[in-house]
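What follows is one structure encoded as structure tokens, with my remarks underneath.
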Amino acid sequence: MKRRRVPALLLDAAAIVAALLDAWVHVDPDDRAAAACALLAAISLTLRRRLPLLTYVLALPAAFVTDAVFATLAALYTLSSLTRRRSLLVVCAAAFVTGDTASWSWPGPEFADLTDSGNLITVTYSLATAAAPVFLGQLVQARRELTVRIAEISKARESERQLLSDSAQAQERARLAREMHDVISHQVSLIAVRAGALQIGNRDPETKEAAATIRRLGVQTLDELRHMVGVLRASGSDPVELTPQPSLTDLPRLVDSSGIEVELHTDLPADLPAAVQRAVYRTVQEALTNVRKHAPGATATIGVHHTGGTLRTTVTNTARTRPALVLPGAHYGLIGLRQRAELLGGTLSAAATPDGGFSLRLELPVQDPG
């Protein structure tokens, strides 16, 4: 706000100084009435932004009795830039021309004879002098209104672009929801059904256990897919979590359903931040997924410990004992985990072990409890 007020104050001060200089040049100090009118006109410019019409009325007498007309013209310009009443501007300009061209003396004013070419030139000059601030003020007012309209149009266009973007996103969400519902959910349902049939129709304990795990994971995936479909279809509503967010208490269930021989060692406080718990869970989940895909038959060891203000999570697996199956993958798992760790101020490192296995290490800064 200060940056807008300072130039306005400077302009007002400059206008008052110019009006006083105009009065000093054109007004005889011995003519007290003329000096008073000129001084009143200069001082009235302090009101020109708040009371433009009153300012002009106070400045107008100076144009009748003196040649110091700068204050009157400045007041006329301000009035023209702030009012929409064209008839008022015509009356004010005519009043200035009348005062500027008439000779005021007792018993009344003596108006110029327009049949005289000299007087006609004088009146024409006065008309031009009065018209200049009126037209300039109207031009400034039109420019100000045009600036406001342009800002409104720009805002409306931005809103329109945002609406188009939201509409495109909503259509894409709807398309993804249909694809997930019609294709992915259908295929996962078939996997769960076939796994259930395999579990019932097979007598081998290991096969039954594997089929039960596949069926349980399929059902869990279906539940998450249904939730995701609902989120995608709820375009424009309040943000919601894609799935119920896991915590460290869910690690044992994750390990049990992994289908891998895993040793889990944890020693953690119960009040870790939710974001840290999710990061640890997703890291362990991705590591176990990679073990299943790339190291069939391997065993894994998971350690999650909190010491010295740092939460360290390590997932190490042995070398594979069976050939790995070729499975599709986007190769973004570790990249996403590393980005998640960096957002939390931590680091993620991954490297092969000397025995042919693999090790994943996550370190996150966590304040000691208490």
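A short reminder: the numbers here are calculations on the coordinates, not readings from a lab. Only a predicted model underlies this, so the values are computations on that prediction, with no experimental measurement involved. Every residue, glycine as well, gets a Cβ built from its backbone with ideal geometry; the counts of neighbours run over all protein chains shown.
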Item checked: Cα gyration tensor category, rounded, prolate or oblate, for the range 248-365 with a/c compared to 1.5 -> prolate
Next item on the list: Restrict the search to the range 1-95; then list the trypsin sites (Lys or Arg not before Pro) that DSSP places in a loop and that have at most 15 other Cβ atoms within 10 Å of their Cβ.
Entry: Arg49, Arg50, Arg84, Arg85
Check: Can you give the net charge of the other residues whose Cβ lies under 14 Å from the Cβ of Arg84, counting K and R as +1 and D and E as -1?
Finding: +2
Item checked: Pairwise FRET efficiency - Leu136 versus Leu40, Cβ, R0 = 25 Å, nearest 0.05 -> 0.55
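How much length is gained if the chain between Arg49 and Asp223 is pulled fully straight, taking 0.36 nm per residue apart and subtracting their Cα-Cα distance, in nm to one decimal?
Values: separation 174, 0.36 × 174 = 62.64 nm, distance 6.72 nm.
Length gained, Arg49 through Asp223: 55.9 nm.
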Next item on the list: Could you pull out which residues in the range 126-159 have an amide N less than 20 Å from a spot 7 Å beyond the Cα of Leu88, following the Cα-Cβ vector?
Entry: 130-146
Next item on the list: Could you run the Karplus curve 6.51 cos²θ - 1.76 cosθ + 1.60 with θ = phi - 60° over the range 73-82 and give me ³J(HN,Hα) per residue in whole Hz, x for Gly and Pro?
Entry: 5, 5, 5, 5, 4, 5, 4, 5, 7, 10
Check: When only Cα pairs under 8 Å and 6 or more residues apart are kept, what is the percent relative contact order across the range 248-365?
Finding: 25
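Computed FRET efficiency, Cβ-Cβ of Ala14 and Lys155, R0 35 Å: what is it to the nearest 0.05?
Details: r = 34 Å, r/R0 = 0.98.
FRET efficiency, Ala14 to Lys155: 0.55.
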Notebook entry, point to check: From the Cα gyration tensor of the range 2-111, with a ≥ b ≥ c the square roots of its eigenvalues, which class applies: rounded if a/c is under 1.5, or else prolate if a/b is larger than b/c, or else oblate?
Noted result: oblate
Next item on the list: Given the peptides 295-302, 56-63, 336-343, 123-130, arrange them by the average over their residues of other C-beta atoms within 10 Å, most packed first.
Entry: 56-63, 295-302, 123-130, 336-343
Note to self: Explain nothing, just compute: Karplus ³J(HN,Hα) = 6.51 cos²θ - 1.76 cosθ + 1.60, θ = phi - 60°, for every residue of the range 121-136 in order, whole Hz, x for Gly and Pro.
What the structure shows: 5, 5, 5, 4, 4, 5, 4, 5, 5, 6, 6, 4, x, 5, 5, 5
